[in-house]
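To keep things clear, I will list the structure first and then write my remarks on it.
The values are calculated or read from the model by the stated rules, or taken from the named source; none is laboratory data. As the structure is a prediction and not an experimental result, all values here were calculated from the model. Quick reminder, even Gly has a Cβ in these numbers, built from the backbone with ideal geometry, and neighbours come from all protein chains shown.
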Amino acid sequence: MNTILALKDLTLYYRTRRGAVKAVDGVSFDLKEGRCLSIVGESGCGKSSMAYAIMRILPRNVHTYRGEVIFEGKNLLSLQESELSKEVWLKKMAMVFQGAMNSLNPVLSVGEQVSEVFTLHAGMSKTEAQKKAAELLELVRLPATLIDKYPHELSGGMKQRVVIAIALSLKPKLLILDEPTSALDVITQANIINLLKKLQEEFNLTYIFITHDLGLASELSDYIAVMYAGKIVESGDARSVLTDPKHPYTQKLLAATPKLLEEAKLEFIPGSPPDLAYPPTGCRFHPRCPFVMDACRLNEPKPTKLSEDRYVSCLLWERV
Amino acid sequence: MSTNRLVEVRDVRTWFEVSRGLLGKPLYVRAVDGVSLDIGRGESAAVVGESGSGKTTLGKTILRLYKPKSGEIYYNGRRIDNLEEEELKWYRREAQIIYQDPFGSLNPFFTVERILSEPLTIHNIAKDYREIKQVINQALIDVKLEPPEMFASKHPHMLSGGQRQRVAIARALVLKPKLIVADEPVSMLDASVRVEIMSLLETLQKKYETSILYITHDLATIKYFSQTLYIMYAGKIIESGATKDVLKEPLHPYTQALVSAIPDPNPENRLKYRDVPAGEPPSPMAPPSGCRFHPRCPHFIAGKCDVLEPQLTKSKNNYVACHLYS
């Protein structure tokens, strides 16, 4: 299986009045085609920023943006903006944004919004595009009658399906899903996750799934990367991260995840995530870590390879 | 009535009039449509349901922020559903609410001190500023916003989400209420903070012997903090019982769907599809006939489920409203 996406030292800082906010700080990973990587972490840890940095959809207040995003052999950071919009966005990689179901235009019908992609980006005629739109709705298991409906006539789950349909319209290979079900009810959420699994099988899609919920991450992921304060602190195949977490943060996060069927005691992580304008020195988790040592306050841990595809950034695991 | 019940709700309906039809016949959103439940003294109970199930309306009706269309509500044996606003001031002191959104529920122009002192002034509780200050300090210490002097002078925007929710809890507690309705108190917070806030609420509830009614959609979190569950669907309670019984052996097909829809962190989840009903909850303006879950139910019995409304009856350890058990 070939590597479709490789990040090398990807860094994104925002310029603010309080100084540079280090939202993404030197992130590297490889992702194989047809697989799903989940990025898990608390709010404000830089998960969404990493998605924007991969897609190269950046706000105005960028302070630093460097590193490499190698997608199918090309570094996206060295492309022209016009190349990105002509060749990459939607055609190669697409994104379902957080709360995307509120991004539908309330005065356009579902059909108009779905077919717009085909008229604008694929140069199709209106009738052709309408036909394509109907096919797309079928793909996400929505009735074709929805084509004449307006967003307010749809339930949350239906709107989310429409947004997924639009993201898939030009057959991208990589789909970034930023908390795609966070505003939905649990049964609707389960239905959307089922759909995402089926679509992945059908089209050999590669997913990056961003979530704060480890339970939800276990539904889709082949790999899990745990993010804390702008850095990936642990990564590996989903099974070993979930059943044998190595980083104290991952261990705490798992212990703080409610389990419906298990009788484990529920814990919490004292303290709160750091201010990314002034992250702690050394290991960024050290102020909250139960195993903190003196060295953790000074030395920043490097990713230590534990086995194939399995990394942890923690001084406890760093061999001298 | 027995003395261990603080609140008794009997067949309450809260309907909202939305518009009048052609012949002037009113149309209603039947948010709460015939609900009965009890809250014991010092008990924590939870109403669990998806959005639109009427759970928040039920909570607000119990607090008499809404007046029910029919049914009866007793608090401490005293009937409160038919009281007018001016007759309710004593109840406002006994029963408090914690809202979901700590960003929206605190006045941004007020300092924490002012937010916490308002209930005391309105109810004429403290006799002077010194006493107000004392009560506020204690409340801030209770919710672990220490040192209290430092937090008292802050405005909400200077606090994190978790800290704001602590202020909201402190505000609910300054009046030493006997009943708190907590409407999704942690759903806007991070997983690691959720547990901390819920544990804090539990500690304070025990300390002050308060009853709490949680309103939530999050079955996985609430199971750690509530002894009793009421599962709500389309304006009705469809199953209730002790939390451990309901989760161990859910009886209603809807409860079964809820339980099976929630993923625990388990690598096996990657390999399977979840067996959940398709479709969406019905419109509260025109709920389905018979059992309201029948259009989505995998065990639908034609001629029965779509005609007869199932009543909540005891089956095994739980109460369930489903024809499979009657």
Practice task
Specify which of the listed residues (B:L145, B:L83) is in contact with a Phe, Trp or Tyr (Cβ under 6 Å, 6 or more places away or on another chain), in a loop (DSSP other than H, G, I, E, B) and either surrounded by 16 or more Cβ atoms within 10 Å (Cβ to Cβ) or touching a residue at least 12 places away in the same chain (Cβ under 8 Å) (or both).
Solution key: B:L145
Practice task
Output the residues belonging to the stretch A:272-285 that are more than 9 Å from every other protein chain (Cβ to nearest Cβ) and under 30 Å from B:P263 (Cα atoms).
Solution key: A:P274, A:R284, A:F285
Completion exercise
Of the residues in the stretch A:33-55, those that are surrounded by fewer than 17 Cβ atoms within 10 Å (Cβ to Cβ) and either in a strand (DSSP E or B) or touching a strand residue (DSSP E or B) at 6+ places or on another chain (Cβ under 7 Å) (or both) number 1
Problem - Within the stretch B:285-317, tally of residues that are more than 13 Å from chain A (Cβ to nearest Cβ), closer than 16 Å to B:G49 by Cβ and either of a type in the set (A, V, I, L, M, F, W, C) or in contact (Cβ under 8 Å) with a residue 60 or more places away in the chain (or both) - result: 3
Completion exercise
Exception for A:L120 within (1) more than 22 Å from the chain's Cα centre (by Cα); (2) within 14 Å of another protein chain (Cβ to nearest Cβ); (3) of a type in the set (A, V, I, L, M) falls at (2)
Problem - Where B:M158 falls short, out of the listed (1) in contact (Cβ under 8 Å) with a residue 12 or more places away in the chain; (2) of a type outside the set (D, E, K, R); (3) within 14 Å of chain A (Cβ to nearest Cβ); (4) more than 28 Å from B:H294 (Cβ to Cβ) - result: (1)
Problem - Residue that is more than 10 Å from every other protein chain (Cβ to nearest Cβ) and within 30 Å of B:L189 (Cα to Cα), where the choices are A:K149, A:K159 - result: A:K159
Practice task
Among the numbered conditions (1) over 30 Å from A:Y207 (Cβ atoms); (2) in a loop (DSSP other than H, G, I, E, B); (3) among the polar types (S, T, N, Q), tell me where B:S187 comes up short.
Solution key: (1)
Problem - Matching option when the condition is surrounded by fewer than 16 Cβ atoms within 10 Å (Cβ to Cβ), hydrophobic (A, V, I, L, M, F, W, C), modelled with pLDDT under 95 and closer than 30 Å to B:P267 by Cα, among A:M101, A:M1 - result: A:M1
Handout entry: Considering residues of the stretch A:213-267 that are facing chain B (nearest Cβ under 10 Å) and part of a strand (DSSP E or B) only, the residue farthest from A:Y278 (Cα to Cα)
Key = A:D237
Handout entry: Sole exception among (1) more than 14 Å from chain A (Cβ to nearest Cβ); (2) polar (S, T, N, Q); (3) free of Cβ contacts under 8 Å to residues at least 40 places away in the same chain for B:Q256, by number
Key = (1)
Problem - Criterion: closer than 22 Å to B:G54 by Cβ and away from every other protein chain (no Cβ under 11 Å) - qualifying residue of B:A261, B:A321 - result: B:A321
Practice task
Pick out the one residue from B:L271, B:L247 that is facing chain A (nearest Cβ under 8 Å) and not charged (D, E, K, R).
Solution key: B:L247
Completion exercise
Filtering the stretch A:292-315 down to residues that are surrounded by fewer than 16 Cβ atoms within 10 Å (Cβ to Cβ) and hydrophobic (A, V, I, L, M, F, W, C) yields A:M293, A:A295, A:L298, A:L306
Problem - Selection count where residues are without any contact (Cβ under 8 Å) to a residue 40 or more places away in the chain and assigned to a strand (DSSP E or B), scope the stretch B:17-31 - result: 4
Completion exercise
Within the stretch B:165-188, of all residues that are within 14 Å of chain A (Cβ to nearest Cβ) and buried (at least 23 other Cβ atoms within 10 Å of the Cβ), the one farthest from the chain's Cα centre (by Cα) is B:R166
Handout entry: B:I238 vs. criteria among the hydrophobic types (A, V, I, L, M, F, W, C), crowded, with 24+ Cβ neighbours inside 10 Å and in contact with a Phe, Trp or Tyr (Cβ under 7 Å, 6 or more places away or on another chain)
Key = yes
